[in-house]
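Data first, discussion second: the structure below is written as structure tokens.
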Amino acid sequence: MSSNTGESIAPDATVLWDTGHHGHDMISTRTFGFWLYMLSDAMIFAALFTAYAVLGHNYAGGPTAAQILRPGDALAETMLVFTSVLAFGFSMSALKRGHRAGVLNWIAVAFVLGAAFVGMEVHEFANLASRGIVPERSGFLSAYYTIVLTHGLHMVFGLLWMAVMAVQVLREGFTDDIVYRLLNLRIFWHFQAIIWVCVFTFIYLQGSL
Amino acid sequence: MSHDRPSPLDHPEVQMASSSRYVVGFLVSAALMALSFFIVRQRGLPALDAQVVIAVIAMAAVLIQSYLLFHLNFSETQRWHTAAFVLTIPLFILLVGLSMWMFHALAARTMIPGMH
């Protein structure tokens, strides 16, 4: 500021803001942007949980939560999500040391555990549908199907993302682009565990109370 | 890709990975969920009390995962992640709380048969 005092400033030379190049941190910018995206995704889940809280007891003479929900199976699913998230965490520890094989192997473990979770969910919903327990039967079932399957769809996209990243790591190694994508996938996958804590507690456990 | 560019693996968000944090996060959240399951299964508490207890346990699990898995803290790299998360909490409260209040008031005033 003081260095400019007394100098006449030519308009075309005026700098309105600091435009100097400071070595833009591309990785931090992208993980922060993705984190904000995940928080808005969390708002979608908040809306779905609200709908469930409002509609969850509207059975319309159909099956009740206590009749169709199996908290024991949901506990097993909880452990699958948590161990899959743990395996992905180990993959990030391998990334920290630059171990390509470690990254790929732990992603494979996370993928298998996540796929087992999706398999259990598919089995549960196929079983419900085969007994005529479908979303259009009641408000409770609409809200229940929507919330659990929205989470399940996130899991499927996470698995797809893992498969894509495994190929990219194999082909390109740890470039800037690959590293920020792996960091974003970590945020996405860990986020599914947080959502599942709420699904397990507020749907499966509360429904059997 | 000049020689003075640091490797992306040296980025603080890569280097903050920690297996021990992830293992502790896993063990604590798995134990908390098993505890909630046990509370519901045992039926030792009145339903309303059990509801409050499992909700508190779930919130504890979410906070523990935020800290141990998402590394939400006040460090230089994570400060704004934490700020964005904390500032989203009032939005959750407004969205969930106001909507539920609105629908409860609606149900109470309209007395639709079969709603209760």
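Answer yes or no as to whether residue A:188 is in contact (Cβ under 8 Å) with a residue 24 or more places away in the chain, facing chain B (nearest Cβ under 9 Å), aromatic (Phe, Trp, Tyr) and surrounded by fewer than 21 Cβ atoms within 10 Å (Cβ to Cβ). Talk me through it step by step, then tell me what you get.
Details: in contact (Cβ under 8 Å) with a residue 24 or more places away in the chain: yes; facing chain B (nearest Cβ under 9 Å): no; aromatic (Phe, Trp, Tyr): yes; surrounded by fewer than 21 Cβ atoms within 10 Å (Cβ to Cβ): yes.
When the stated conditions are applied, residue A:188 does not pass them.
Kindly indicate which of B:33, B:59 is under 21 Å from residue A:197 (Cβ atoms), in a helix (DSSP H, G or I) and more than 7 Å from every other protein chain (Cβ to nearest Cβ). Steps first, please.
Details: B:33 fails: more than 7 Å from every other protein chain (Cβ to nearest Cβ).
None of the other options fit; the residue is B:59.
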### Query
Are any of the residues in segment A:111-124 in a loop (DSSP other than H, G, I, E, B) and loosely packed, with under 15 Cβ neighbours inside 10 Å?
no
### Task
Find all pairs meeting these conditions: Cβ atoms under 9 angstrom apart; at least six residues apart or on different chains; first residue within segment B:47-72 and hydroxyl-bearing (Ser, Thr, Tyr); second residue surrounded by fewer than 20 Cβ atoms within 10 Å (Cβ to Cβ).
B:66/B:82; B:66/B:85; B:67/B:21; B:67/B:73
### Query
Which members of segment A:24-73 meet the condition of being surrounded by fewer than 19 Cβ atoms within 10 Å (Cβ to Cβ), within 10 Å of another protein chain (Cβ to nearest Cβ), of a type in the set (S, T, N, Q) and in contact (Cβ under 8 Å) with a residue 24 or more places away in the chain?
A:58
### Query
When you go through (1) at pLDDT below 95; (2) closer than 28 Å to residue A:96 by Cα; (3) not charged (D, E, K, R) one by one for residue B:99, which number turns out not to apply?
(2)
## Note on the structure
Across (1) charged (D, E, K, R); (2) within 14 Å of another protein chain (Cβ to nearest Cβ); (3) more than 18 Å from the chain's Cα centre (by Cα), residue A:131 clears everything bar (2)
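On the basis of being surrounded by fewer than 16 Cβ atoms within 10 Å (Cβ to Cβ), under 14 Å from the mean Cα position of the chain (by Cα), more than 10 Å from every other protein chain (Cβ to nearest Cβ) and without any contact (Cβ under 8 Å) to a residue 60 or more places away in the chain, does residue B:24 make the cut?
Details: surrounded by fewer than 16 Cβ atoms within 10 Å (Cβ to Cβ): yes; under 14 Å from the mean Cα position of the chain (by Cα): no; more than 10 Å from every other protein chain (Cβ to nearest Cβ): yes; without any contact (Cβ under 8 Å) to a residue 60 or more places away in the chain: yes.
When the stated conditions are applied, residue B:24 does not pass them.
The values are calculated or read from the model by the stated rules, or taken from the named source; none is laboratory data. Bear in mind that the values here come from a model prediction, so they are computed numbers and not experimental data. Neighbour counts run over all protein chains shown; Cβ positions are idealised from the backbone, glycine included.
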